[in-house]
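K.L.:
Structure provided below as structure tokens; questions to follow.
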Amino acid sequence: MNKANIFSLIFVGIAVAAILSSCQDKRSRGLEYAPNMYYPIAFNPDQKNKNFADGKTAQLPPNNTTPVGFTRYDQFADTPEGYLEASNNMVNPLVVNKKNLLEGQQLYIAMCAPCHGEKGAGNGKIVELGKYPAPPAYASGMSSRGGAMKDLTDGKIYHTMQYGLNLMGSYASQLSPEERWKVVMYVHELQKGQ
């Protein structure tokens with residue numbers, strides 16, 4: 001026998017052994033890469049779970065708990081009384097500095113300027129379309145809740161961003177609490193009417 005026949009015979013033998021060994025268990029998929037991707041250790045949310053009395057994996061969080069990274073803002077209700085209470089009790093916790101003002105300006109331009117205008121004069125691009133009324137100017141306008149816009153406190157501005165007012169919707173899901181405080185800081189600059 002020559003070398004070619006010997007290698008052919010060995011190859012055929014290995015192939016037959018591989019085929020026969022793979023046919024033993026019909027349920028087996030053979031060698032799996034990262035089997036925990038196919039068979040997860042954790043329960044899926046819609047799976048039955050014997051670890052809980054009701055048999056559900058997806059459980060409601062315990063009462064009075066706060067998710068990690070979430071800041072609660074339910075101490076002031078979405079009412080006129082809550083608005084006044086926020087005005088009296090909320091103060092911006094951030095330090096007024098160049099960095100915070102610049103970030104507040106960037107956030108204001110992205111989120112608020114389309115309606116309020118870049119200088120806070122109530123002449124944003126949305127207002128220019130003529131379909132929506134202009135919001136009051138920060139330096140000279142009057143608030144729909146009473147009082148001059150230039151006299152709005154930290155709490156009033158924050159409360160308005162949290163819950164919205166009139167045609168302005170809530171920005172609670174678009175801006176984190178820290179980002180809202182930076183916008184409050186920048187709005188105070190616009191109230192000066194530079």
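Any read-out appearing in this document is the output of simple, stated calculations on the displayed coordinates, not a laboratory observation. Keep in mind it's a predicted model, so treat the numbers as computed, not measured. Note that we place each Cβ from the backbone using ideal geometry, even for glycine, and neighbour counts take in every protein chain shown.
K.L.:
Which whole-Hz ³J(HN,Hα) couplings does the range 160-169 yield from phi under the Karplus relation 6.51 cos²θ - 1.76 cosθ + 1.60, θ = phi - 60°, glycine and proline marked x?
P.N.:
In residue order, the calculated couplings are 5, 5, 5, 10, x, 7, 6, 7, 7, x Hz.
K.L.:
On to the next question. Using only the Cα atoms, work out Rg/Rh for the range 80-191, with Rh taken as the Kirkwood radius, to two decimals.
P.N.:
With Rg and the Kirkwood Rh in hand, the quotient comes to 0.93.
K.L.:
About its Cα centre, how strong a charge dipole does the range 80-191 have in debye, to the nearest 20, once Lys and Arg get +1 and Asp and Glu get -1 at the Cβ?
P.N.:
Taking the Cα centre of the range 80-191 as origin, the dipole is about 220 debye.
K.L.:
Count the lysine pairs in the chain whose Cα atoms sit under 20 Å apart, keeping only pairs 8 or more residues apart in sequence or on different chains.
P.N.:
Lysine pairs meeting both conditions in the chain amount to 16.
K.L.:
With the Cα gyration tensor of the chain in hand, convert its eigenvalues to equivalent ellipsoid semi-axes via √(5λ) and list them largest first in whole Å.
P.N.:
So the equivalent ellipsoid measures 64, 25, 15 Å along its semi-axes.
K.L.:
OK, next. When you count, for each residue, the other Cβ atoms within 10 Å and take the mean per peptide, how do 154-166, 5-17, 171-183 rank with the highest first?
P.N.:
Packing order, densest peptide first, comes out as 154-166, 171-183, 5-17.
K.L.:
Subtracting the Cα-Cα distance from 0.36 nm times the residue separation, let me have the gained length for Ala18 to Ala4 in nm, one decimal.
P.N.:
2.9 nm
K.L.:
Now, a different point. Given the options Tyr171, Val68, Thr79, identify the residue whose Cα lies farthest towards the positive end of the charge dipole of the chain (+1 on Cβ of Lys, Arg; -1 on Cβ of Asp, Glu).
P.N.:
The one lying farthest along the dipole's positive direction is Val68.
K.L.:
Can you tell which of Ala121, Tyr38, Asn49 lies farthest toward the positive end of the dipole of the chain, using +1 and -1 charges on the Cβ of basic and acidic side chains (Lys, Arg; Asp, Glu)?
P.N.:
Tyr38
K.L.:
Helix 3-22 against the longest principal axis of the chain: what's the angle in degrees, Cα atoms only, rounded to the nearest 10?
P.N.:
For 3-22 against the chain, the angle is about 60 degrees.
K.L.:
How big is the dipole moment of the chain about its Cα centre under a simple scheme where the beta carbon of each Lys and Arg is +1, that of each Asp and Glu is -1, and everything else is neutral? Debye, nearest 20, please.
P.N.:
For this selection, approximately 640 debye.
K.L.:
A follow-up question, please. On a 0 to 90 degree scale, rounded to 10, what angle separates helix 177-191 from the longest Cα axis of the chain?
P.N.:
The two axes meet at around 30 degrees.
K.L.:
So who's got an amide H within less than 5 Å of the one on Lys56, skipping anything under 5 residues away but keeping other chains? H placed 1.01 Å off N, in plane.
P.N.:
Amide H neighbours of Lys56: Asn49.
K.L.:
For the chain, what is the relative contact order in percent, using Cα pairs closer than 8 Å and at least 6 residues apart in sequence?
P.N.:
18 percent
K.L.:
Met142's amide H: which non-local residues (gap 5+, or another chain) put their own amide H closer than 5 Å, with H modeled 1.01 Å from N in plane and none for Pro or chain starts?
P.N.:
Ala137, Met149
K.L.:
At Asn36 and Ala139, where each label point lies 7 Å from the Cα along Cα→Cβ, what is the point-to-point distance in nanometres?
P.N.:
6.0 nm
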